[in-house]
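Engineer: One structure coming up, written as structure tokens, with questions to follow.
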Protein chains: 2
Amino acid sequence: MTESAPLQGVSLIENGWFIEKNAQWPGQANALEVKEVLLHKKTKFQDLLVFASAKHGNVIVLDGVIQITERDEMSYQEMLAHLPMFSAEKPTHVLIIGGGDGGVLREVVKHDTVEKVTWCEIDGDVVEAAKKYMPNVAIAVSNPKTELLVGDGVAFAESSKENSFDVIIVDSSDPVGPAEKLFSKEFYVNVHRILKPGGVVCSQGECLWLNEDLIDAMVTDYGACFASAEYASIQVPTYPSGQIGAFIARKAGTAGPASCRSPRREP
Amino acid sequence: MTESAPLQGVSLIENGWFIEKNAQWPGQANALEVKEVLLHKKTKFQDLLVFASAKHGNVIVLDGVIQITERDEMSYQEMLAHLPMFSAEKPTHVLIIGGGDGGVLREVVKHDTVEKVTWCEIDGDVVEAAKKYMPNVAIAVSNPKTELLVGDGVAFAESSKENSFDVIIVDSSDPVGPAEKLFSKEFYVNVHRILKPGGVVCSQGECLWLNEDLIDAMVTDYGACFASAEYASIQVPTYPSGQIGAFIARKAGTAGPASCRSPRREP
């Protein structure tokens, strides 16, 4: 292990509580009471911890950062999936990058317009952990419309053909670790290229209280090639500061407003 | 001390972090890194702790519950004050109940229409602590329009004349401890009585994730005698789940919509 090795999840458990101390949000931490550690392993990419909490159901932690709890997962999954899905004219082919727990996939396949979901998650161990410890989140993993590719989303976007997807959803962890390259201008140039005209991308867009500079870069710089680039706020009680955002952008090419502030379809 | 005695603030400091464990939100806790304890005393009403945090400035804690940090205080003060102030036609006489740190007062006196603010805070020690350790929050305590009455807000509302106030703001702690009686139907019957026609009350309205039943009681039961009774959501990173609400209600008696969803005045 080097000095920059990611935190070990279990080392953040003190007196029976998981305390999410992290250099990304110095001086503040969420804490959840731990009932039982269910899994702790080094995967090929990151430190994976799953624990049963006292009041929030099972919890998945990557590199010491809470990714999802069974209690409040819907607040994130629904917004990250339905914001772009209802912003697209008729989403038939959807690409999900990340989202290893399967929660965004679960929401995407609720849309009858969908014919195929290409799902590119770098860490197959996260998918397996979700299937075992969070079955109601990973419930759509075997949906016949789904093609799961375990691999690098950045490389997948580079190699995909232009005008391939109606909606792309980037459900990533924070930009420290395996998700780092998903927060770059180069990646979004490829996302733009492989979206169909009028297509929409929606990405985990970080926290207003902690990542102002990154949010600014996403909306102004990463979003520069899009017809619109916006930030939506989502409340997630178990994320740092209780808030996270969605970066949402539309490729030019269809009639109607470029903004994603109003839905283009009825549920 | 009896078994039901409130938590001692300093007992929640573990390994240099204040961890807000509390029976009101079991299994979850915010944690802030502590630089130095500045004050800890039992006042006549509650356990008062002030500490300097590593990243959030000074913090005031009552009965073990974080009330305010210098870093994010504006997110709460501005919403709790300006929602009712901009909902009123021409607020000249304002009553603040609670709000011992002076933050709501600071926002209220920014409105040029205001001629007098009656401020009823039960615990004078909190006002003194804010003046000393949070001077930028307590900055308007000596404002000449302000009359500070150190006393019980429930009794004050009972004894006040009808049609006295354009706006009433109830900036209370949680309904465990000195603020308990502020969460009752009887109190809001008096608030309604002492508001002028068309007047607006806005109260700390608790958290969507933790207090669904109480919010329902406020909006449907406490709000029954008002022309409108609504809930507004506020993001406060250092409150449990990162969210708190405002209960806002208007007394009948003026033209225009009863709802407070749109401002009645320009800034």
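The values are calculated or read from the model by the stated rules, or taken from the named source; none is laboratory data. All of these numbers come straight from a predicted model, not from anything done at the bench. Note: ideal-geometry Cβ built from the backbone for every residue, glycine included; neighbour counts use all protein chains shown. SASA here: full protein model, heavy atoms, side chains in, ligands and nucleic acids out. Shrake-Rupley method; radii C 1.70, N 1.55, O 1.52, S 1.80 Å.
Engineer: Antiparallel as a % of all DSSP beta bridges within the protein assembly as shown, to the nearest 5?
Structural biologist: Details: 73 of 113 bridges.
So the antiparallel bridges amount to about 65 percent of the total.
Engineer: Still on this structure, please answer the following. Distances from A:SER184 to the same residue in each other copy, label points 7 Å out along Cα→Cβ, in nm, shortest first?
Structural biologist: Label point to label point, same position, other copies: 6.3 nm.
Engineer: Please state the shape class of the range B:6-69: rounded when a/c is under 1.5, otherwise prolate if a/b exceeds b/c and oblate if not, all from the C-alpha gyration tensor. List each step's numbers first, then the result.
Structural biologist: On the way: a/c = 1.67, a/b = 1.04, b/c = 1.61.
Oblate is the answer for the range B:6-69, as a/c is 1.5 or above yet b/c matches or exceeds a/b.
Engineer: What are the chymotrypsin sites (Phe, Trp or Tyr not before Pro) within the range B:73-132 that DSSP puts in a loop, where the Cβ has at most 13 other Cβ atoms within 10 Å?
Structural biologist: Working: sites: B:TYR76, B:PHE86, B:TRP119; in loops: none.
Sites meeting the loop and neighbour criteria: none at all.
Engineer: Determine ³J(HN,Hα), in whole Hz, for all residues of the range B:95-105 in sequence, where each value follows from phi through the Karplus function 6.51 cos²θ - 1.76 cosθ + 1.60 and θ = phi - 60°; x replaces Gly and Pro.
Structural biologist: 10, 10, 10, x, x, x, 6, x, x, 5, 4
Engineer: Can I ask one more? Out of B:ASP174, B:ASP101, B:ASP112, any idea which swings most in a Gaussian network model of chain B, alpha carbons joined below 10 Å?
Structural biologist: Between B:ASP174, B:ASP101, B:ASP112, it is B:ASP112 that shows the largest mean-square fluctuation.
Engineer: Leaving out ligands, DNA and RNA, calculate the buried accessible area for the pair A and B with a 1.4 Å probe, summed over both sides, in Å² to the nearest 100.
Structural biologist: Details: alone 11890 and 11880 Å², together 21430 Å².
Using a 1.4 Å probe, the pair buries roughly 2300 Å².
Engineer: If each of A:LYS41 and B:ALA255 carries a label point 7 Å out from its Cα toward its Cβ, how far apart are those two points in nm?
Structural biologist: 7.2 nm
Engineer: Quick one: with all protein chains in place, what share of the accessible area of the protein assembly as shown is carbon or sulfur, to the nearest percent (1.4 Å probe)? Each step should come with its number before you reach the end.
Structural biologist: On the way: 11140 of 21430 Å².
C and S atoms contribute 52 percent here.
Engineer: Also, I was wondering about something else. Taking the alpha-carbon centroid of each part, what is the distance from the range A:193-239 to the range A:30-102 in angstrom?
Structural biologist: The two parts, judged by their Cα centres, are 19 Å apart.
Engineer: Quick one: how many lysine pairs in the range B:6-69 have C-alpha atoms under 21 angstrom apart, if they're 8 or more apart or on different chains? Present the calculation step by step, with values, prior to reporting the outcome.
Structural biologist: Values: B:LYS21/B:LYS35; B:LYS21/B:LYS41; B:LYS21/B:LYS42; B:LYS21/B:LYS55; B:LYS35/B:LYS55.
The result is 5.
Engineer: Convert each backbone phi in the range A:215-227 into a coupling constant with the Karplus relation 6.51 cos²θ - 1.76 cosθ + 1.60 (shift: θ = phi - 60°), then list the ³J(HN,Hα) values in order as whole Hz, x for Gly and Pro.
Structural biologist: Residue by residue, the range A:215-227 yields 4, 4, 4, 4, 5, 8, 9, 4, x, 4, 7, 8, 6 Hz.
Engineer: Suppose you put the label 7 Å out from Cα in the Cβ direction; list, shortest first and in nm with one decimal, how far B:PRO144 is from each other copy's label.
Structural biologist: For B:PRO144, the other copies' label points sit at 8.1 nm, shortest first.
Engineer: I need the phi-derived Karplus couplings for the range B:135-145: 6.51 cos²θ - 1.76 cosθ + 1.60, θ = phi - 60°, integer Hz, Gly and Pro marked x.
Structural biologist: x, 6, 8, 7, 4, 9, 4, 9, 4, x, 6
Engineer: How large is the accessible surface of B:MET74 in square angstrom, using a 1.4 angstrom probe and rounding to the nearest 10?
Structural biologist: 70 Å²
Engineer: Excluding ligands, DNA and RNA, what is the solvent-accessible area per residue of the range B:6-69 at a probe of 1.4 Å, expressed in Å²? If you can, show how the numbers build up before the last one.
Structural biologist: Values: 2320 Å² over 64 residues.
Counting only protein heavy atoms, the per-residue value for the range B:6-69 is 36 Å².
Engineer: Let me know the shape class of chain A, please: from the alpha-carbon gyration tensor, a ≥ b ≥ c as square roots of the eigenvalues, rounded when a/c is under 1.5, otherwise prolate if a/b is greater than b/c, or oblate.
Structural biologist: On the way: a/c = 1.75, a/b = 1.54, b/c = 1.14.
Prolate shape, in that a/c is at least 1.5 and a/b is the bigger ratio.
Engineer: How much accessible surface does A:VAL37 have with a 1.4 Å probe, in Å² rounded to 10?
Structural biologist: 60 Å²
Engineer: Separate question: So if I place +1 on the C-beta of Lys and Arg and -1 on the C-beta of Asp and Glu, and nothing else carries charge, what would the dipole magnitude of chain B be about its Cα centre? I want it in debye, nearest 20.
Structural biologist: Computed about the Cα centre, the dipole is about 720 debye.
Engineer: Only residues of the range A:161-181 count here: report those whose backbone N is under 11 Å from the spot 7 Å along Cα→Cβ of A:LEU149, or say none.
Structural biologist: A:161
Engineer: In vacuo Debye scattering of the protein assembly as shown, one point per C-alpha: log10 I(q)/I(0) at q = 0.06 Å⁻¹?
Structural biologist: Each listed q corresponds, in turn, to -0.33.
Engineer: Amide H neighbours of A:LYS35 under 5 Å, counting only residues 5+ apart in sequence or on other chains, H built in-plane at 1.01 Å?
Structural biologist: For A:LYS35, the qualifying residues are A:ALA52, A:SER53, A:ALA54.
Engineer: How far, in whole Å, is the closest Cβ of chain A from the axis that maps A onto B, and which residue does it belong to?
Structural biologist: Per the Cβ-to-axis criterion, the result reads A:GLY242, 1.
Engineer: How large is the accessible surface of B:ILE194 in square angstrom, using a 1.4 angstrom probe and rounding to the nearest 10?
Structural biologist: 0 Å²
Engineer: Which distances, shortest first and in nm, link B:LYS42 to the matching position in the other copies, using label points set 7 Å out along Cα to C-beta?
Structural biologist: Relative to the other copies, B:LYS42 has label-point distances of 5.2 nm.
Engineer: Next question. Give the long-range amide H neighbours of B:ILE68: residues separated by 5 or more places, or on another chain, with amide H under 5 Å away, using H modelled in the peptide plane at 1.01 Å from N.
Structural biologist: Correct list: B:ILE60.
Engineer: For the range A:73-250, what proportion of DSSP beta bridges, expressed in % and rounded to the nearest 5, is antiparallel? Mind showing how you got there, number by number?
Structural biologist: On the way: 13 of 33 bridges.
Taking every DSSP beta bridge with both residues in the range A:73-250, the antiparallel ones total about 40 percent.
Engineer: Using modelled backbone amide H atoms (1.01 Å from N, in-plane), which distant-in-sequence or interchain residues come within less than 5 Å of A:ILE169's amide H?
Structural biologist: A:LEU95, A:ILE96, A:ILE97, A:CYS202
Engineer: From the square roots a ≥ b ≥ c of the eigenvalues of the alpha-carbon gyration tensor of the range A:137-261, which class results: rounded (a/c under 1.5), prolate (a/b over b/c), or oblate?
Structural biologist: Numbers: a/c = 1.44, a/b = 1.10, b/c = 1.31.
Note, shape of the range A:137-261 comes out rounded.
Engineer: Sticking with this structure for a sec: Eight or more residues apart or on different chains, and alpha-carbon atoms under 17 Å: count the Lys pairs in the range A:73-250 matching that.
Structural biologist: Going through the range A:73-250 pair by pair, I get 9.
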